[in-house]
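Structure first, commentary second.
The values are calculated or read from the model by the stated rules, or taken from the named source; none is laboratory data. None of these values were measured; they are calculated from a predicted model. With ideal geometry, Cβ positions are generated from the backbone for all residues, glycine too; neighbour counts draw on all protein chains shown. Surface accessibility is based on the protein's heavy atoms, side chains included, excluding ligands, DNA and RNA. Shrake-Rupley method; radii C 1.70, N 1.55, O 1.52, S 1.80 Å.
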Amino acid sequence: MPQWLRMALFLVPVTTLLAVAHVYLYRRLVRDVTPSRALRRGGMGLFAGGLVGSLGARMVGAMFSSEVAWWTGIALLVWMGLVLYLLMFTLGLDVVRSVLARVRRAPEPPSPERRAFLARGMAAGATVAGATVSSFGAWRAFHPPDVRDIPVRLPGLPKALEGFTLVQLTDIHIGGVLQRRFVDELVARANALKPDLIAVTGDLVDGTVPELGRYVGGFGALRARHGAYFVTGNHDYYSGVEAWTEFVRGLGITVLRNRTVSIGDAGASFDLIGVDDWSASRFGEPGYDLDAALQGRRPDRASVLLAHQPSNFEVVAQRGLGLQLSGHTHGGQMFPGNVVGHLIWGDQNAGLSQLAQSHLYVSRGCGFVGPPMRVAAPPEIARIILLPG
């Protein structure tokens, strides 16, 4: 399928749904609440401007200086999240009102004054609830990620490597919103954990090297006893994967593209395996190749696989790999996305799961995409503590 057609199949329904949501919210939160022409026109301008701006946030931001562009982009992306929660609460209250009306079976319709009072009360309630959840979500998205300790019993791990700590950073999404300050804080938090190894499991950026190199360069300060390693995620292909892998190598971070390296020394070691993103072949790249990555590997050695998406874990378990570290899902990022994500991915949406003797840990990630919000899926830095199996 051509790339333009794939984009159209995504953008047309999304644009349509956004437009319908904006019209519905204008009618329920403005038109049905006030007879004032000035307020109605103001509300219409707000929702129309929000719709256009949210669809073209990057283009709108590019019209201003960099500082103004940054704040403009944040405001427009926050608006998208606010619209989602306004829609959820407004629809929810409408459904409740409809159900109660059917249960009561009132013989006469309520008076116009009562209808107006109820409309204003519901609009106010939905607005306050939507704004509260959105504000919390924005605060949580920009708040430093939680550190989660995940002990994993790794089959075949030498006793001498008991307690080996591997810090996973994933789905960072450096771009128009998250920039150098976020990078420096994330690096400082990762280094403070004094890890034995750092793994960056994809979706590092949303933009090109010329645009974002000055921000991403901060990852050159990552420090771990056995170094830092990177595998590609789908967003890295949107942004020019070859240029980014070269840039990351220049920072002193080892890029694993369908290959295995040994971690440790002759006395005690395990295999660290990295594969390209599961969807890379859609971009004309060789893509995910587990067979190539495992060439020459001894099956009796302990192994950790870095793979951006949790896809193909069943095959990974069949091949006897002890642990896979992934991201991609963001844990749903924003309610109800966490619920939908669980329906799609099951136990692989977030957290630790196991199949036979193999473990899978899916991190909720450090950053975000789309609205700068985290609701019921907080960002995290995962500290994996390896124990003998």
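Cα axis of helix 66-104 to longest principal axis of the chain: angle in degrees, 0 to 90, nearest 10? Orientation of helix 66-104: about 60 degrees from the principal axis. Put a dot 7 Å past the Cα of residue 347, heading toward its Cβ, do the same for residue 20, and the two dots end up 3.7 nm apart. Rg over Rh for the stretch 188-293 works out to 0.98, using Cα positions for both radii and the Kirkwood form for Rh.
The helix-only estimate of mean residue ellipticity at 222 nm for the chain, built from DSSP H runs of length n ≥ 4 each weighted as -39500 (n - 2.57), is -14500 deg cm²/dmol after division by the residue total. Legend: calculated FRET efficiency, residue 268 to residue 208, from the Cβ-Cβ distance at R0 = 41 Å, rounded to 0.05, equals 0.50. Rank 29, 11, 360 by mean-square fluctuation in a GNM of the chain with C-alpha springs under 10 angstrom and give only the top-ranked residue. Greatest mean-square fluctuation among the candidates belongs to 11. Each Lys and Arg Cβ is given +1 and each Asp and Glu Cβ -1; about its Cα centre, the stretch 115-262 then shows a dipole of about 340 debye.
Please state the relative contact order of the chain as a whole percent: Cα pairs under 8 Å, 6+ residues apart? It comes to 19 percent, rounded to a whole number.
FRET efficiency for the residue 162 to residue 191 pair, using the beta carbon distance and R₀ = 22 Å, is estimated at 0.45.
Here are several values of Cα Rg over 2.2 N^0.38 Å: (1) 1.03; (2) 1.14; (3) 0.97. Which one was derived from the coordinates shown? Entry (2).
Only the Cβ atoms of Lys and Arg (+1) and of Asp and Glu (-1) were treated as charged; on that basis the dipole of the chain about its Cα centre amounts to roughly 1540 debye. Atom-type composition of the exposed protein surface of the chain places 62 percent of the accessible area on carbon and sulfur (1.4 angstrom probe).
Taking label positions 7 Å along the Cα-Cβ direction at both residue 39 and residue 357, the computed distance is 6.9 nm, reported to one decimal. Distance from the Cα centroid of the stretch 162-240 to that of the stretch 123-142 is 29 Å (rounded to whole angstrom).
Between residue 385 and residue 55, what FRET efficiency follows from the Cβ-Cβ distance if R0 is 56 Å, with the result rounded to 0.05? Efficiency at R0 = 56 Å is approximately 0.80.
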